[in-house]
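To keep things clear, I will list the structure first and then write my remarks on it.
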Amino acid sequence: MLEIKDLTKLFNRVDKKTKEKSKVGVQNISFKAQPGRIFGLIGANGAGKTTTMRIVANLTYPQSGDIFLDGKNYKDIKNLKMRVGFVSGETQIFDRLTGYETIKLFGEFADIPKKELEKKIEMLSEKLGMKDFINDIAVSYSTGMKQKVSIARALVTDPQILVFDEVTNGLDIFASRAVKDQIKMFKEEGKIILYSTHIMPDADELCDDIAIIHKGEILDQGNVSDLRKKYKKQTIEEIFFELVNNRI
Amino acid sequence: MRNNNNMRSKFWALFKKEVLTITRDRKTFVTFMVMSVLLTPLLIAGLGAFQEFQRKQLEKEEVVIAIKDQEVDQNLSNYIKANSQIRVIDSSSFEADLESKKLKGYIDLNKEGTQIIAQFVYDQSSNASIASSLKINAIVQSYAVLVRQEILDKNNLTELDLNPVLFSQITLQEVQNKPSQNDLVLLLLPYIILIGLIQGAAQFAIELTAGEKERNTLATTLSLNASRAMIGISKIAAILLLSLLSLVLNVASLMLTFLLMPADAFGPSQPGVENGALNLNISLGTLVQIFLVLLPLSFLISSLLILLGTYARNQKEGGIYILPLILASVFIGLTGQAFDANTPAGIFLIPLVGHVALLKQVLLGYFIPINFIISVISTFAIFFVILFVSINMFKREEVIFRK
């Protein structure tokens, strides 16, 4: 289980027009994500989703708060990055390397023996349907192909946690479907999945548990069906607006 | 031991990724290689060919002049008129005729005591007029030689009697049969080396840092199971390799330039010039010394470029940050002429300036170990400070993730 406890990370931001200073990021957020379930972090742009996801992926560090994986503090876990796979809609793959080289690079950094790594890449290539383009330089890839390589490089270390940050942004309908199907497959494999999005129908389709985040604070969280009952709403979008409008 | 090997192989993988990022941008990389080697020699060769073409065109043109006060030295006037390339016409208004291009110039003859003063007036705004000035000068000089010889014969004297003391110069290095450098090489080589080292690497440093931010691949790199120090150092190492490559290409370009330069560009009595052509007196030992001087500098420059590129939000901003460094290197590169074998040791503490001074000394055949050691210590001290700042910058999210 992944437990996020009182996480705070704030940045200074200056409004370009008004020159007003403000703090953005996340403040005292806590939630738990279980293996074999998809935990959705739902919020508008600038709500603090990416900051949270980057902290969980160990790309950036919190100012306060702790993260526990199976009861063990993140700070005490060696080679943490190998246990977390991070895929982001904004983050790109190295466009001057081939898909194979990118995945191999991540495998090498996870100390996977050469032969085993080659087998793994072969398996991922088969699983994600990358055989036709894996040896081409990524500059020629479509957005969907790039996203497949992104997922493969996150999976090559066989991580316990998969962090998907706005992964369907900008994808066409086919690529978006393929990515969502893969996420469902990883859920079946028992991985801890964090999925951030502002696309509410995607959240409805994928998430088992959610937290609604707004201006760096979690407004409410829980099992999706429990939240539907609690707010007497059919969709996550309706719950989101109910919570956010109450705040405004 | 196994841990060390592991670290090394990870560093190598990261370094390879950075080098591939640069070299797989084929168009940019090939343009960089070709332009580094060929641009200067082609420009020089082109300029030489253009000048030669212009000279020939001007030679074909008829030189029409007038002579003011011909009676001052009728013999000289007749000598000029006898030359088939010159047509002397009469003029009543010399300046007006020159201005209206009727004349290419006119000679104003005067006499001071026994000396004839022939002043050629030409129009600076006309290339043909400038060229005719050179022609007239050659004719008047040849006339002066004839008159001089007549005087010598009349008085039963020789040239030697008029020039009892002959001054010439030779370098100590030539006396000792040591390699002697041409002044142009001494001025240009440290300059070209410095520019080559910085300019070639600059664009790629921006590409690997601000370019990664722009392409949204920096977060991907950071998600590798590697320390930020290793990520930063691998980028510096890739830039180090490219700055050395750029350096080699620029020196090759310089050598090619000298080969294509017109032989008379160096003058007949210049050191380092044999039979009118430049002889680059750079032995293998000198090359090794140049490399030793430049290696610490390459470390320093690579780290500085990565630091500036990392701070930049995008490639455009990175280019602006690096511009002052390139401009500074242009000026510092030209300070080489101020240094010699006796340059005070304090100069070697200053990066770039000290390296130019060291290069000048090496080219002069003076490799002074204490100066080299001072430079190495100073350069690496600054390098480690910049490295420390660069690595810390990689840890600062407001820098890494700012857009």
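Side notes on the structure shown:
- Residue match in region A:2-14 (condition: among the aliphatic types (A, V, I, L, M) and out of contact with any Gly (no Cβ under 8 Å at 6 or more places or on another chain)): yes
- Segments classed as helices (runs of 4 or more DSSP H), wholly inside region B:1-112, with at least 3 members that are closer than 30 Å to A:A110 by Cβ and not assigned by TED's automatic domain parsing to the domain that holds B:R148: B:2-23
- The C-beta contact set for region A:161-173 (first residue hydrophobic (A, V, I, L, M, F, W, C), second residue in a loop (DSSP other than H, G, I, E, B), distance under 6 angstrom, 6+ apart or interchain) comprises A:L162/A:K191; A:V163/A:A57; A:V167/A:G89.
- Residue, modelled with the highest pLDDT, within region A:34-68, restricted to residues that are assigned to a strand (DSSP E or B) and among the aromatic types (F, W, Y): A:F39
- Failed condition for A:K75, given (1) under 24 Å from B:R396 (Cβ atoms); (2) within 12 Å of chain B (Cβ to nearest Cβ); (3) not polar (S, T, N, Q): (2)
- Looking across region A:145-186 at every residue that is under 13 Å from the mean Cα position of the chain (by Cα) and among the charged types (D, E, K, R), the one that is farthest from the other protein chains (Cβ to nearest Cβ) is identified as A:K180.
- In region B:35-89, residue surrounded by the most Cβ atoms within 10 Å (Cβ to Cβ) [restricted to those that are modelled with pLDDT of 80 or more and among the acidic types (D, E)]: B:D73
Each row is one residue, and each column tells you yes or no for (1) of a type in the set (A, V, I, L, M, F, W, C); (2) in contact with a strand residue (DSSP E or B) (Cβ under 6 Å, 6 or more places away or on another chain); (3) away from chain B (no Cβ under 14 Å).
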position	(1), (2), (3)
A:K81	no, no, no
A:I93	yes, no, no
A:K114	no, no, no
A:M130	yes, no, yes
A:A138	yes, no, no
A:Y195	no, yes, yes
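- Being touching a residue at least 40 places away in the same chain (Cβ under 8 Å), more than 28 Å from the chain's Cα centre (by Cα) and within 30 Å of B:T31 (Cα to Cα) holds for only one residue in B:A210, B:A128, B:A205, and it is B:A210.
- Under the condition of being among the polar types (S, T, N, Q), surrounded by 12 or more Cβ atoms within 10 Å (Cβ to Cβ) and in a loop (DSSP other than H, G, I, E, B), the residues counted in region B:130-183 number 4.
- Test: residue in region A:16-33 that is in contact with a His (Cβ under 7 Å, 6 or more places away or on another chain) and either assigned to a loop (DSSP other than H, G, I, E, B) or surrounded by fewer than 16 Cβ atoms within 10 Å (Cβ to Cβ) (or both): no
- Among the criteria (1) open to solvent by less than 20 Å² (accessible area, probe 1.4 Å); (2) without any contact (Cβ under 8 Å) to a residue 60 or more places away in the chain, the one A:K104 does not fulfil is (1).
The values are calculated or read from the model by the stated rules, or taken from the named source; none is laboratory data. The shown structure was predicted, so the numbers you read here are calculated from the model rather than taken from an experiment. Every residue, glycine among them, receives a Cβ derived from its backbone with ideal geometry; neighbour counts consider all protein chains shown. Ligands, DNA and RNA are excluded from the accessible area calculation, which covers all protein heavy atoms including side chains. Shrake-Rupley method; radii C 1.70, N 1.55, O 1.52, S 1.80 Å.
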